[in-house]
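The values are calculated or read from the model by the stated rules, or taken from the named source; none is laboratory data. Just so you know, these numbers come straight off a predicted model, no measurement behind them. Note that each Cβ is placed from the backbone with ideal geometry, even for glycine, and that neighbours are counted across all protein chains shown.
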Amino acid sequence: MKTYNIAVIAGDGIGPEVIDEGIKVLKKVAELDGGFAFDFTYFPWGCEYYTQTGRMMAEDGIEQLKKFDAIYLGAVGFPGVPDHISLWDLLLIIRKSFDQYVNIRPVTLLDGAHCPLQNVERKDIDMLFIRENTEGEYSGAGDWLFKGQEHEVVLQNGVFSRKGTERIIRYAFETAKKQGRSLTSISKANALNYSMVFWDQVFEEVSADYPEVKTASYLVDAAAMLMITDPKRFEVVVTSNLFGDILTDVGAAIAGGIGLAAGANINPEGTFPSMFEPVHGSAPDIAGRGIGNPLATIWSASQMLDHFGYEAYGKKVVDAIEQLLVEDEVLTPDMKGSASTSEVGDRIADIIGNLQSVKA
Ligand SMILES: NC(=O)c1ccc[n+]([C@@H]2O[C@H](COP(=O)([O-])OP(=O)(O)OC[C@H]3O[C@@H](n4cnc5c(N)ncnc54)[C@H](O)[C@@H]3O)[C@@H](O)[C@H]2O)c1
């Protein structure tokens with residue numbers, strides 16, 4: 001039997017609460033199949049660990065994580081620890097150290113999910129965002145000179161390497177080709193006269209290798225508007241680190257809310273483990289009450305199943321989420337329900353348990 005070794009970083013706030021439910025679902029899927037299993041190893045890293053040790057993760061944390069097949073992350077960040085520390089010293093360091101240069105965020109409006117848009121058909125919101133995940137505006141390059149002085153200067157540099165830009169765009173073309181869908185590039189070449197002119201040029205160059213993929217290109221401001229006024233334009237989307245971060249929150253808002261938004265950080269070559277996580281943060285305002293919505297974390301478990309080649313199970317998990325939404329009975333308060341986090345996880349596991357085995 002194949003066993004997948006998963007490193008679990010439940011993290012802070014509602015992280016541990018929602019991750020428990022994702023693990024429940026993964027175990028259920030493995031049980032249903034009978035041909036593979038998961039072994040979960042927990043790491044106590046996050047803000048509490050930081051207050052005790054002065055570090056967000058163990059000094060050799062990256063080395064420890066290297067040997068796992070995947071990382072399953074809840075959320076990090078808690079009042080008392082500056083957000084740039086909790087983000088950089090755990091999440092971003094993992095994404096960069098493990099060259100997880102592809103961030104995949106589905107923006108799909110499931111049946112039963114709330115959509116605030118008028119005059120939009122449900123099937124029109126079905127996008128797959130492919131966001132550059134290791135460089136760009138989040139490269140961390142910059143400086144803070146003359147700190148605290150009158151002539152203080154802050155530099156935050158965007159880094160767009162040819163390798164980094166080309167590989168994310170190529171990955172997006174491959175995905176669009178495989179799915180038989182169009183590819184939209186989102187940039188901002190009118191104002192960002194080096195980085196985004198370069199981005200557009202590389203997009204143009206790579207597109208020559210994929211004549212069968214229909215393409216479009218928008219400025220990020222126009223794209224933000226069009227996602228709301230005409231979302232069906234967008235199928236597979238490729239964009240930079242910052243733009244992808246922001247636009248996928250717009251995506252979350254139109255596709256059922258932040259409680260449903262999932263993300264995968266992929267190292268396509270498989271040299272290092274990939275990482276799966278909900279898009280939302282640690283929600284300190286509701287932490288400890290057992291009411292955090294676990295659906296985003298469960299959806300990211302479906303992305304893990306896809307990544308391991310069990311796409312049929314990945315789809316079953318998303319189908320189970322859709323069934324739960326349509327039933328409209330076991331939902332957390334953010335979705336106007338009164339169920340607890342674990343009741344939602346139990347119901348999803350029940351629905352999956354009733355599905356036929358789908359040997360992948
Ligand atoms: N990937 C990550 O780990 C990640 C992402 C974003 C923010 N953060 C961190 O999380 C902390 C809180 O940030 P924030 O408040 O801006 O964002 P947040 O996503 O934690 O919360 C925003 C709002 O959405 C609600 N919410 C979020 N997820 C929910 C869920 N699953 N179920 C029900 N309600 C949910 C929260 O209660 C809150 O009202 C900060 O420290 C921030 O740095 C971490």
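Laid out as a table, the results:
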{"quantity": "Residue identified as among the aliphatic types (A, V, I, L, M), under 29 Å from PRO231 (Cα atoms) and surrounded by fewer than 20 Cβ atoms within 10 Å (Cβ to Cβ) among ALA176, ALA191", "calculated": "ALA191"}
{"quantity": "Test: residue in the range 131-141 that is surrounded by 17 or more Cβ atoms within 10 Å (Cβ to Cβ) and of a type in the set (Val, Ile, Thr)", "calculated": "yes"}
{"quantity": "Among the candidates ALA296, ALA283, residue that is in a loop (DSSP other than H, G, I, E, B), of a type in the set (A, V, I, L, M) and either over 17 Å from the mean Cα position of the chain (by Cα) or within 14 Å of the ligand (Cβ to nearest atom) (or both)", "calculated": "ALA283"}
{"quantity": "Among (1) farther than 29 Å from ALA320 by Cα; (2) at pLDDT below 95; (3) within 16 Å of the ligand (Cβ to nearest atom), the one test that HIS114 misses", "calculated": "(1)"}
{"quantity": "Filter result for the condition that a residue is acidic (Asp, Glu), more than 22 Å from ILE298 (Cβ to Cβ), within 15 Å of the ligand (Cβ to nearest atom) and in contact with a helix residue (DSSP H, G or I) (Cβ under 9 Å, 6 or more places away or on another chain), over ASP89, ASP83, ASP124", "calculated": "ASP89"}
{"quantity": "Positions within the range 304-319 being surrounded by fewer than 24 Cβ atoms within 10 Å (Cβ to Cβ) and farther than 16 Å from LYS2 by Cα, in sequence order", "calculated": "GLU311, ALA312, GLY314, LYS315, LYS316, VAL318, ASP319"}
{"quantity": "Residues located in the range 30-61, provided they are of a type in the set (Ser, Thr, Tyr) and farther than 20 Å from GLU17 by Cα", "calculated": "THR51, THR53"}
{"quantity": "Hey, GLY309 assigned to a loop (DSSP other than H, G, I, E, B), at pLDDT 95 or above and within 26 Å of ILE62 (Cβ to Cβ) or not", "calculated": "yes"}
{"quantity": "Residue within the range 17-30 that is farther than 22 Å from VAL344 by Cβ and either surrounded by fewer than 18 Cβ atoms within 10 Å (Cβ to Cβ) or not assigned by TED's automatic domain parsing to the domain that holds ARG162 (or both) present", "calculated": "no"}
